[in-house]
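Data block below; observations after.
Values in this text are rule-based calculations from the coordinates and carry no lab data. A quick note: this is a predicted structure, and the numbers were derived from the prediction, not measured. Reconstructed Cβ throughout: ideal geometry from the backbone, glycine too, with neighbour counts over all protein chains shown.
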Amino acid sequence: MKRVLEQLSREIEDYYQDVDRCDLMPDFDRQSIRNHLRENYDFETPIPLEQLLHDVTRLMRHGNVQSSHPRYFGLYVPAARFTSVVADSLVALYNPQLGATTHSPAATEIEQFTLQFLASRLGMNPKTCSANYTTGGTEANLTAIITALTKMFPDHGDQGVRSLPSLPVMYVSEEAHHSFNRIASIAGLGSSAVRVISVNERFQLDMQQLEQQLRVDRDEGFAPFLVVGTAGTTSAGIIDPLQELADLCKDQHLWFHVDAAWGGAAILSPRLKKHLVGIEKADSITCDAHKWFSVSMGAGMFFCRHKDAVARAFSVRAPYLSKQDEDVMEPYDTTMQCSRRFIGLKVFMSIAELGTTGFAEMIEKQSRLADLLQKRLIEENWLVVTSSPFAVVCFTHERIKSGEISTKELLNRVYANRSVWISATRLKGSIPVLRACITNFRTKETDVHFLVTELNKAIESKLRNYD
Ligand SMILES: Cc1ncc(COP(=O)(O)O)c(C=O)c1O
């Protein structure tokens, strides 16, 4: 054990020291990884742990995109701070079962303490709201839809969708996360129950379109029940008009869910939290710690103002599930999970270690670097299509717009040096753009300049090919 621990701690230390020098892109293709696994692991012959550790760390270093690299300007995958590594090790070591408070009072109190702190920052009453950790944003969004159905249609819990006199429909913008389509199917509504509202020129949910669709649906006998406002869209970090959505939902008796999977972290920043105004009126909120909080996956969070509805939606009774007190909601009463990992330790330890000031500095720095990126792109004749206060920039180039180069070709050029990673997306489902997000506390100004240089090289080398 001692030797393995030394080996493991050396690996962790080396990685934290070397990550900016290691290859960002995988060295191995999938076929060679498959061959390696087939040749070395028959699952018959036991393998010493030291040897296993050596092989697995090699695969991790050379077989994956290194999203912890400071030049990973990628998806909403942060570099995990060291605190998360320590916390996740402790969780694996003690392996507490968080299904029931009787089993793990310390762990459940640590989780609730942290969630209540965040709930109050999000504008909910920590004493009366319900909050729990989820595997991620998708599960938190699913929890919101099931809870809203339970609250808005009292027969739904027992009788299901088939008992309802009219089909419930929900509203998301065309830039909302795709999870809602999947969730509508899982919830038995069917994906056609998701009304996709177009966005305005700032890529925010269009309020007029929403109101018009609500009128049409009511006239046609549907039962609108929920509107999603996104605080940090997946493609572009755009924030929907949360305040207006909250008012409309109040007037029309609709559940207001805010999907702040990425942007919710801004609530801890004195400079950025103004962009979330309106979130405090939400009936429920999704916020992922494993995104902008820089903790390791998976750590989603679900907050809901209506504790009673959460209890009705998820409460279960089984002879093998212990209950400390009939009036106390056990963790298994509030989530889809039964056996549950101690997800919240890394969130607790991260916030406690950094403090809210340190935390705010971390994300504000990333948002300032995104501003710098935007400025540099404009100086170099790139066309900035969207910029978000939440550290995401979507951009294009005349050559892309004219169809001379596709975003895919450009990305291949950028990836060729294996030293920087960005992604591409389509806004409004059809406008191709490149997307760079600063998700890493290690990223510095020099990395932003490096990205712009690589983009310039990529577009110029492509142009040379055309000459
Ligand atoms: C706005 C938004 N909501 C929900 C999700 C889903 O989160 P997860 O991947 O943790 O399930 C994402 C993922 O990027 C997201 O960007």
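Observations, loosely collected:
- Restricting attention to the chain, close to 60% of DSSP beta bridges with both partner residues there are antiparallel.
- In the chain, taking the dipole from charged Cβ atoms about the Cα centre, the farthest positive-side position among S130, I400, G429 is held by I400.
- Prolate is the label for the range 322-467, because a/c, from the alpha-carbon gyration tensor with a ≥ b ≥ c as root eigenvalues, is 1.5 or above and a/b exceeds b/c.
- Peptides 152-165, 183-196, 246-259, ordered by how many other C-beta atoms sit within 10 Å of their residues on average, highest first, read 246-259, 183-196, 152-165.
- Cα gyration tensor, the range 108-240 - rounded (a/c under 1.5), prolate or oblate: oblate
- Test item: Cα-centred dipole of the chain, Lys/Arg +1 and Asp/Glu -1 on Cβ, debye: 460 debye
- Gain upon complete extension [D18, E174; 0.36 nm per residue less C-alpha separation]: 52.1 nm
- Backbone HN-Hα couplings from phi across the range 21-35 [Karplus 6.51/-1.76/1.60, Hz, Gly and Pro as x]: 9, 7, 4, 6, 9, x, 7, 9, 8, 5, 5, 5, 5, 4, 4
- Residues with amide H under 5 Å from that of V385, placed H, sequence gap 5 or more: C394, F395, T396
- Potential extension, E380-L8 segment - 0.36 nm per residue separation minus Cα distance: 129.5 nm
- Charge dipole magnitude, Cβ of K and R +1, D and E -1 - the range 89-349, Cα centre, debye nearest 20: 600 debye
- Tensor-based shape of the chain (alpha-carbon gyration tensor, a/c under 1.5 rounded, otherwise prolate or oblate): oblate
- Spin-label proximity, I186 to the range 136-172 - amide N less than 12 Å from point 7 Å beyond Cα toward beta carbon: 136-147
- Charge dipole of the range 289-404 about the Cα centre (unit charges at C-beta), most positive-ward option of F314, N381, M329: F314
- Cut-off under 5 Å, modelled amide H: who pairs with G232 long-range: I238, I239, D240
- Cα lying deepest toward the dipole's positive end in the chain, options Q17, G237, A100, charges on Cβ: Q17
- Potential lengthening between N125 and K323 on full extension [0.36 nm per residue; Cα-Cα distance subtracted]: 68.8 nm
- Computed per residue of the chain from DSSP H runs no shorter than four, each worth -39500 (n - 2.57), the mean residue ellipticity at 222 nm is -14000 deg cm²/dmol.
- Karplus 3J(HN,Hα) series, Hz, for the range 273-286 with 6.51 cos²θ - 1.76 cosθ + 1.60 (x for Gly, Pro): 5, 4, 6, 9, 4, x, 5, 5, 9, 5, 6, 8, 9, 9
- Residues with amide H under 5 Å from that of W255, placed H, sequence gap 5 or more: L226, V227
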